[in-house]
Amino acid sequence: MSQYHPLNETEAISIAKSLNHIFTSDSELVCQEIGDGNLNLVFHVTQPSSGKGIIVKQALPYAKVVGESWPLTLDRARIESEALQTEGKLAPGLVPEVYLFDATLALTVMEDLSDHVIMRRGLIEGGVYPKFAQHISTFLARTLFYTSDLGMNQQEKKALVRNFSNPELCKITEDLIFDHPYADIDTNNYDDHLKEDMRKLWSDEKLHLEVARLREKFLTHAQALLHGDLHTGSIFITPESTKVIDPEFAFVGPMGFDIGAVIANLLLNYASQEHWSSSDVTRHERRSYLLNLIHEIWTLFNDKFRKLWDENGVDRISRTPGYQADYMQRLLQDTVGFAGCKIVRRIGGLAHVADIDKIPDANTRAKAQRAALAIGTTLIKQHRTITSIEQVIAIAEETTR
């Protein structure tokens, strides 16, 4: 296996057998290809006799959702592996352990998280995760602070920017989040009942102006090492544990993009409660849980990030009175704007979310979609005026009142 080629299950087992610290050599291993994403092959290799398992993830040289006409760099496998290892050092226990990286085959072998569920599925099924806000706020505060100019040597930071240059996957984000949803473009995917909503979106120049401002920040604001795709499908979870996975979109960019992605996906699930909650009472309870979770995530992140800054900041001039408050205010506004963009693309862009797409009744789905669009576009238009997370909560509540 000296040259790159897509693996099969037999080859994945062969790789697993080389991991003597995971599996005993004399026991049978079984393998199943479980990937349901757009960019990779994912194999689950297990040892029935011990119950142990691993994940073998291999980057494909194209996007599965489109095919070989959409080529992609295999270097994203290196970026993902190195991002996981960096995040693991900065936020121990909050990402899967990496056992092996093979640059030639563009594959990463990592910890099996079969005892967790994908958070998106868990939320759809009504799961409650009492430790999530603590866990994700710690992950965000530590990974963002310690890879920023506030928390690391600025010359080393410039080397970090170079190492995590990820132009091809950034291009996907630039197009699918900050461009295509705002024009009549073939790659957009939306239900027929949203045609008029989409036409209004495409012609809303005030909205486009704010998107242009946010796109500029995504293109130019190299604040910290981002996960780059931190939605609830990139989080494995239990009531006691949180594991962030799939950072192949990692690059050095604006911090609010990662924080906003988490908030956006909670708001998408909030909108989807038109279907997933069985009554007005349970819908109110579920939506209150989600909004409280958003409030707690930002509040904890804000406190933890400021504490890291106060105790471990490396930049003398950043200690100037008033600068930290101004910085955090701008970071909240970025977070809100990016959250809005993330929501809008999931309704009118190429790739959607199961929270809403799996609603079977078209009328109920349309109500959820329009609620999400209203929340997303309002967050985008108002993001530069936001001064507190309570305003975000109020926007969501007003939209679904």
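Filter the helices (runs of 4 or more DSSP H) completely within segment 134-229 down to those with at least 3 residues that are aliphatic (A, V, I, L, M) and assigned by TED's automatic domain parsing to the domain that holds Val353.
154-163, 167-178, 205-220
Where residues in segment 270-303 are among the β-branched types (Val, Ile, Thr) and farther than 15 Å from Ile375 by Cβ, which of them is least open to solvent (accessible area, probe 1.4 Å)?
The qualifying residue least open to solvent (accessible area, probe 1.4 Å) is Ile297.
Conditions (1) open to solvent by 30 Å² or more (accessible area, probe 1.4 Å); (2) among the hydrophobic types (A, V, I, L, M, F, W, C), marked per residue:
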{"position": "Thr147", "(1), (2)": "no, no"}
{"position": "Lys158", "(1), (2)": "yes, no"}
{"position": "Ser165", "(1), (2)": "yes, no"}
{"position": "Cys170", "(1), (2)": "no, yes"}
{"position": "Phe178", "(1), (2)": "no, yes"}
{"position": "Pro181", "(1), (2)": "no, no"}
{"position": "Tyr190", "(1), (2)": "yes, no"}
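Out of Thr238, Thr242, I need the residue that is of a type in the set (Ser, Thr, Tyr) and open to solvent by 20 Å² or more (accessible area, probe 1.4 Å). Which one?
Thr238
From the list Val314, Val262, pick out the single residue that is outside any helix (DSSP H, G or I) and in contact (Cβ under 8 Å) with a residue 40 or more places away in the chain.
After applying the criteria, what remains is Val314.
Scan segment 232-247 for residues that are in a loop (DSSP other than H, G, I, E, B) and either basic (Lys, Arg) or closer than 11 Å to Leu84 by Cα (or both) and jot them down.
Those that are in a loop (DSSP other than H, G, I, E, B) and either basic (Lys, Arg) or closer than 11 Å to Leu84 by Cα (or both): Ile245, Asp246, Pro247.
Could we say that Thr299 is more than 17 Å from Ala133 (Cα to Cα) and either outside the structural domain of Gln391 (by TED's automatic domain parsing) or in a helix (DSSP H, G or I) (or both) here?
no
Answer yes or no as to whether Glu210 is touching a residue at least 60 places away in the same chain (Cβ under 8 Å) and charged (D, E, K, R).
Yes; evaluated as a whole, the condition is true for this residue.
List every residue pair whose Cβ atoms lie under 6 Å apart, where the two residues are 6 or more positions apart in sequence or sit on different chains, the first residue falls within segment 70-82 and is under 11 Å from Leu39 (Cβ atoms) and in contact (Cβ under 8 Å) with a residue 60 or more places away in the chain, and the second residue, located anywhere, is aliphatic (A, V, I, L, M) and assigned to a loop (DSSP other than H, G, I, E, B).
That search, which allows pairs on different chains as well, returns Leu74/Ala106; Ala77/Ala106.
Kindly indicate whether Glu174 is under 30 Å from Ser14 (Cβ atoms), surrounded by fewer than 20 Cβ atoms within 10 Å (Cβ to Cβ), among the charged types (D, E, K, R) and free of Cβ contacts under 8 Å to residues at least 60 places away in the same chain.
For Glu174, the condition - under 30 Å from Ser14 (Cβ atoms), surrounded by fewer than 20 Cβ atoms within 10 Å (Cβ to Cβ), among the charged types (D, E, K, R) and free of Cβ contacts under 8 Å to residues at least 60 places away in the same chain - is not met.
Of everything in segment 355-401 that's small (Gly, Ala, Ser) and touching a Lys or Arg at 6+ places or on another chain (Cβ under 9 Å), which residue is nearest to His208 (Cα to Cα)?
Gly376
Does Val42 satisfy the criteria of being assigned to a strand (DSSP E or B) and of a type outside the set (Asp, Glu)?
When the stated conditions are applied, Val42 passes them.
Select, from Ala362, Ala325, Ala339, Ala351, the only residue that is without any contact (Cβ under 8 Å) to a residue 24 or more places away in the chain and either assigned by TED's automatic domain parsing to the domain that holds Ile386 or open to solvent by 50 Å² or more (accessible area, probe 1.4 Å) (or both).
None of the other options fit; the residue is Ala325.
Taking the condition of being more than 26 Å from Cys31 (Cβ to Cβ) and not β-branched (Val, Ile, Thr), how many residues in segment 111-127 meet it?
So the answer is 4.
Have a look at Ser203, Ser288 and point out the one that is modelled with pLDDT of 95 or more, closer than 23 Å to Gly127 by Cα and not aliphatic (A, V, I, L, M).
The match here is Ser288.
Mind checking which residues of segment 341-370 are part of a helix (DSSP H, G or I) and β-branched (Val, Ile, Thr)?
Ile343, Val344, Ile347, Ile356, Thr364
Would you mind stating whether Gly233 is on the phi > 0 side of the Ramachandran plot and of a type outside the set (Asp, Glu)?
Taking the combined requirement at face value, the residue does not satisfy it.
Restricting attention to segment 97-133, which residues are touching a helix residue (DSSP H, G or I) at 6+ places or on another chain (Cβ under 9 Å), of a type in the set (Phe, Trp, Tyr) and in the same structural domain as Pro61 (by TED's automatic domain parsing)?
Phe101
The values are calculated or read from the model by the stated rules, or taken from the named source; none is laboratory data. Predicted, not measured: the structure shown is a model, and the values here were computed from it. Ideal geometry is used to build each Cβ from the backbone, glycine not excepted, and the neighbour counts take in all protein chains shown. The area values use the complete protein model at the heavy-atom level, side chains included, leaving out ligands, DNA and RNA. Shrake-Rupley method; radii C 1.70, N 1.55, O 1.52, S 1.80 Å.
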